[in-house]
There are 2 protein chains.
Amino acid sequence: METYEIFRDLAIIILAAKFMGIVAKKCKAPMVVGEIIAGLIVGPCLFDWVISSDYIAKMAEIGVILIMFSAGLETNLKELKKSGLIAFLVACAGVFVPFVGGAILYMAFYGWSAWGTEGFFKALFIGSIMTATSVGITVECLREMGFLKGKIGQTILSAAIIDDVIGIIVLTFVIGFKDPSSNTLLVVNNMVVFFAASLVGGYLLYRIMQKVDARYPHSRRIPIIGLGICFAMAYCAEKYFGIADITGAYVAGIILCNIRDAEYIDRKVSINNYMFFGPIFFVTIGLKTNLRELDTSMLWFSVCFVLVAMLTKVIGCGLMSKVCGIKGIDCIKVGVGMMTRGEVALIITQKGLALGIIDSSYFTAVILLIIVSSILVPILLKYLYTKAPDPVEPAAQST
Amino acid sequence: METYEIFRDLAIIILAAKFMGIVAKKCKAPMVVGEIIAGLIVGPCLFDWVISSDYIAKMAEIGVILIMFSAGLETNLKELKKSGLIAFLVACAGVFVPFVGGAILYMAFYGWSAWGTEGFFKALFIGSIMTATSVGITVECLREMGFLKGKIGQTILSAAIIDDVIGIIVLTFVIGFKDPSSNTLLVVNNMVVFFAASLVGGYLLYRIMQKVDARYPHSRRIPIIGLGICFAMAYCAEKYFGIADITGAYVAGIILCNIRDAEYIDRKVSINNYMFFGPIFFVTIGLKTNLRELDTSMLWFSVCFVLVAMLTKVIGCGLMSKVCGIKGIDCIKVGVGMMTRGEVALIITQKGLALGIIDSSYFTAVILLIIVSSILVPILLKYLYTKAPDPVEPAAQST
């Protein structure tokens with residue numbers, strides 16, 4: 001391929017993604033969905049203008065790393081400490097129930113596999129796709145209605161952040177065991193050493209960056225060094241610990257999320273992301289999803305996948321919040337608020353594809369889940385809040 | 001190569017480039033020089049940590065396109081119209097004399113070639129590397145001394161902008177003729193059609209973007225569509241007209257330089273550039289430059305190249321400004337101010353390398369030129385202005 005030919009692909013991807021993103025937003029769907037549809041349109045599904053070349057795939061991979069880095073940066077550790085036991089327990093249930101539900105769903109479709117077999121880990125992987133809540137749409141919706149700062153809103157928000165962290169840990173374990181011959185002890189050992197090293201090294205990095213930041217606030221070097229740390233940790237995680245690069249990038253984000261310029265780094269990284277790498281990643285998913293190859297069995301699986309993913313979240317989070325003393329309809333609010341899925345589910349699927357655990361046909365199920373959940377959740381939340389408005393809200397918001 | 005391995009290269013490149021860029025700035029040298037030296041350090045010249053893979057080369061190519069797009073966006077067409085005949089004539093002389101000087105230098109070293117032969121076009125290419133002024137350092141220096149808004153300062157600034165446009169046209173012609181068998185008429189025809197199409201299509205694009213901009217000012221879609229246009233024009237220029245992709249990107253920048261959000265687009269593109277693609281491009285140059293292979297003949301050529309490139313600018317611009325009625329020492333100020341070279345010289349060299357016109361050993365000469373000119377020009381300007389301060393200045397600046 002001549003070098004200039006990449007500009008053709010880039011122009012098509014960037015413009016199509018933006019256009020369809022705008023269309024999606026007009027239809028009140030998440031922009032991500034529009035960008036994926038752009039990939040379906042320009043890819044082998046329809047016009048066949050762009051082929052997913054090795055080059056584009058690597059750009060998409062950078063996009064994935066940047067999205068995870070951003071997610072880490074946006075974690076508010078102080079809020080997390082304050083958020084308390086209820087949010088933590090809700091998050092645990094919100095990871096555990098969908099995880100088990102997803103695994104059972106897979107085995108129900110493709111046969112029961114014994115502990116430790118390949119099929120068993122595939123099932124676990126399908127489960128781990130279901131874990132990560134993407135709370136963006138819920139937040140938008142609650143903010144619009146003016147209920148974000150209420151007790152339920154804050155519980156959802158905190159639980160969704162903790163849920164990300166737990167989800168990443170679960171994923172890291174599942175990927176660690178992907179090889180049926182893998183030594184359990186070694187995997188656990190790697191994991192423990194990685195998190196210990198991240199804790200110690202991360203604290204050192206954090207102190208150094210804090211000093212650099214204090215001396216040169218808002219300078220270009222801050223986001224650039226941050227980016228360097230992100231790439232370095234993504235590489236080291238995968239190379240030396242056998243842990244997913246996305247985990248490394250996410251942890252890099254968490255390490256830096258408390259320095260004063262964290263939001264500044266996030267802003268600069270986000271610009272790279274929304275102009276370049278993000279659209280490329282989402283369009284690539286569309287390119288890989290060949291709807292023509294979709295058969296009835298996969299279609300049924302996808303429908304069940306969506307149902308299980310949404311119900312397990314509502315059941316898991318709803319029941320746990322009931323156990324924690326949240327009353328009546330408010331439990332359902334929490335459950336519904338946690339139902340939305342987004343980028344992270346796609347990223348986990350992509351990781352499974354790259355590792356050869358699952359094949360690209362599962363994208364259909366995940367995309368369907370994102371679309372359905374992000375259309376349904378705002379409608380359900382509006383209905384629930386109209387029926388029973390948050391009583392604490394007006395006071396909390398006036399402060 | 002495993003995907004995660006690119007993160008290693010990216011981390012090393014980004015961090016090394018930033019570090020050496022800061023060191024260069026501390027030494028009052030341009031940051032670009034620091035970034036190139038970073039490439040020498042991490043590349044085969046010294047530590048051999050990073051190899052210039054196909055992947056990195058393509059990222060660098062995107063950097064080149066973005067730099068040219070930025071250069072186009074920063075062109076102020078209104079200023080250009082006002083700048084008048086003197087600046088135009090100075091720019092013409094500042095392109096023509098170095099162009100001829102460079103070609104003669106090459107032939108003096110490697111033998112005289114007849115019109116139309118391969119050697120002849122190589123010589124012309126070396127000439128065209130010498131044409132583009134990089135006025136950044138001069139501007140910094142004049143601003144610091146408070147003479148930027150004086151008559152001489154403004155003449156230099158305008159001439160440097162026009163000089164870019166003329167330089168790009170010259171380069172486009174030279175590349176068009178790179179193939180000794182190329183049909184002169186066809187090349188000229190392509191060129192004319194391209195610029196005509198850019199004029200008509202560009203005007204349409206400009207009007208459309210102006211409308212989009214008026215309706216959605218400062219929205220994300222503005223820089224994204226701009227970027228899409230940039231890539232599309234880079235591709236079309238090369239694919240359909242046989243014109244360098246960098247010309248396409250530059251013209252895309254000029255088309256958009258007059259919309260209200262031009263500066264906004266430039267800012268967003270620049271963030272992508274300074275965080276990612278820019279450093280990768282400059283480091284790549286360092287990676288390609290193998291100083292161990294440098295022989296005495298190339299060393300001599302480089303020294304002469306630097307001398308000719310600087311003297312031809314002073315002579316060309318200085319004499320022309322004398323012809324235009326600028327008096328005495330002020331002519332030398334104009335000549336010296338136009339002497340600095342920078343990114344664009346590297347980009348042209350890179351283009352010649354990609355097209356197989358010259359080999360990578362010429363980078364040494366260009367890098368040397370950038371270093372020497374950017375160290376010498378501020379010293380000379382300070383000396384000239386101390387000896388004969390600009391008399392118009394104080395009045396001009398107080399307004």
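Since every read-out is calculated from the coordinates, none of them should be taken as a lab result. On a predicted model such as this, the values are computed, not experimentally measured, just so you know. All Cβ positions, even for glycine, are placed from backbone atoms using ideal geometry, and neighbour counts span all protein chains on display.
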note = Cross-link reach from B:Lys25 to lysines, straight Cα distance under 20 Å and at least 8 residues apart if same chain, gives B:Lys382
query = Which FRET efficiency value, to the nearest 0.05, is calculated for B:Tyr206 and B:Lys25 with the Förster distance at 45 angstrom and r the Cβ-Cβ distance?
reply = 0.80
query = Given +1 on the Cβ of Lys and Arg, -1 on the Cβ of Asp and Glu, and no further charges, what dipole in debye does chain A carry about its Cα centre, rounded to the nearest 20?
reply = 1180 debye
query = Which whole number gives the average, over all residues in A:233-239, of C-beta atoms from other chains lying within 10 Å of the residue C-beta?
reply = 5
message = If you average the alpha carbon positions of the range A:219-251 and of the range B:360-383, how far apart do those two centres end up, in angstrom?
response = 36 Å
key: Simple Cβ-charge dipole of the range B:120-208, Lys/Arg +1 and Asp/Glu -1, about Cα centre, in debye nearest 20   = 140 debye
task = Treat each spin label as a single point 7 Å out from the Cα along the C-beta direction, and report the A:Asn258 to B:Asn258 distance in nm.
result = 5.5 nm
inquiry  = Using +1 at the C-beta of Lys and Arg and -1 at the C-beta of Asp and Glu, which of B:Met320, B:Leu307, B:Asn290 has the Cα lying farthest in the positive direction of the dipole of the range B:257-354?
reply    = B:Met320
Helical contribution to [θ] at 222 nm, DSSP H n ≥ 4, -39,500 (n - 2.57), averaged over chain A, rounded to 500 = -26000 deg cm²/dmol
message = Show me the chymotrypsin sites (Phe, Trp or Tyr not before Pro) within the range A:10-50 that DSSP assigns to loop and that have at most 15 other Cβ atoms within 10 Å of their Cβ.
response = A:Phe47, A:Trp49
Cross-link partners of A:Lys387 among lysines (Cα-Cα below 16 Å; sequence separation of 8 or more within a chain) = A:Lys327, A:Lys333
query = Within 10 Å of each Cβ of A:215-222, how many other protein chain Cβ atoms are there on average?
reply = 2
note = Taking the dipole of the protein assembly as shown about the Cα centre (Lys, Arg +1; Asp, Glu -1; charges at Cβ), the one of B:Val212, A:Ile36, B:Gly101 that reaches farthest to the positive side is B:Val212
ask   = For the range A:299-318 and the range A:49-98, what is the separation of their C-alpha centers, rounded to whole Å?
value = 20 Å
ask   = For label points placed 7 Å from Cα toward Cβ, what is the shortest-first list of nm distances from B:Lys327 to its copies?
value = 9.4
query = Given B:Ser113, B:Pro389, B:Ala91, which one lies farthest toward the positive end of the charge dipole of chain B, if we put +1 on the Cβ of every Lys and Arg and -1 on the Cβ of every Asp and Glu?
reply = B:Pro389
task = With a Förster radius of 35 Å, plug the Cβ-Cβ distance of B:Lys78 and B:Ile329 into 1/(1 + (r/R0)^6) and report the FRET value to the nearest 0.05.
result = 0.70
key: Span-like helix ranges in chain A, DSSP H, alpha carbon extent 18 angstrom or more, Kyte mean at least 0.0   = A:5-26, A:54-73, A:77-110, A:151-176, A:184-215, A:221-241, A:296-323, A:362-387
task = Could I have the simple spin-label model distance between B:Lys382 and B:Phe173, label points 7 Å from Cα toward Cβ, reported in nm to one decimal?
result = 4.0 nm
request  = Find every distance from the label point of B:Thr386 to the corresponding label point in the other copies (7 Å from Cα along Cα→Cβ) and write them in nm, one decimal, shortest first.
outcome  = 7.9
request  = Shortest first and in nm with one decimal, please list how far the B:Glu2 label point sits from its counterparts in the other copies (point 7 Å along Cα→Cβ).
outcome  = 3.7
note = Expressed in nanometres to one decimal, the distance between label points 7 Å along Cα→Cβ at A:Ala196 and B:Glu293 is 4.8 nm
query = Once fully extended, how much extra length lies between A:Val188 and A:Leu355, figured as 0.36 nm per residue of separation less the alpha-carbon to alpha-carbon distance?
reply = 58.2 nm
inquiry  = Looking at chain A, identify the longest residue range that excludes and avoids all trypsin sites (Lys or Arg not before Pro) in DSSP loops having at most 16 other Cβ atoms within 10 Å.
reply    = A:29-219
inquiry  = Nothing charged except the Cβ atoms of Lys and Arg (+1) and of Asp and Glu (-1): what's the magnitude of the dipole of the protein assembly as shown about its Cα centre? Round to the nearest 20 debye.
reply    = 2260 debye
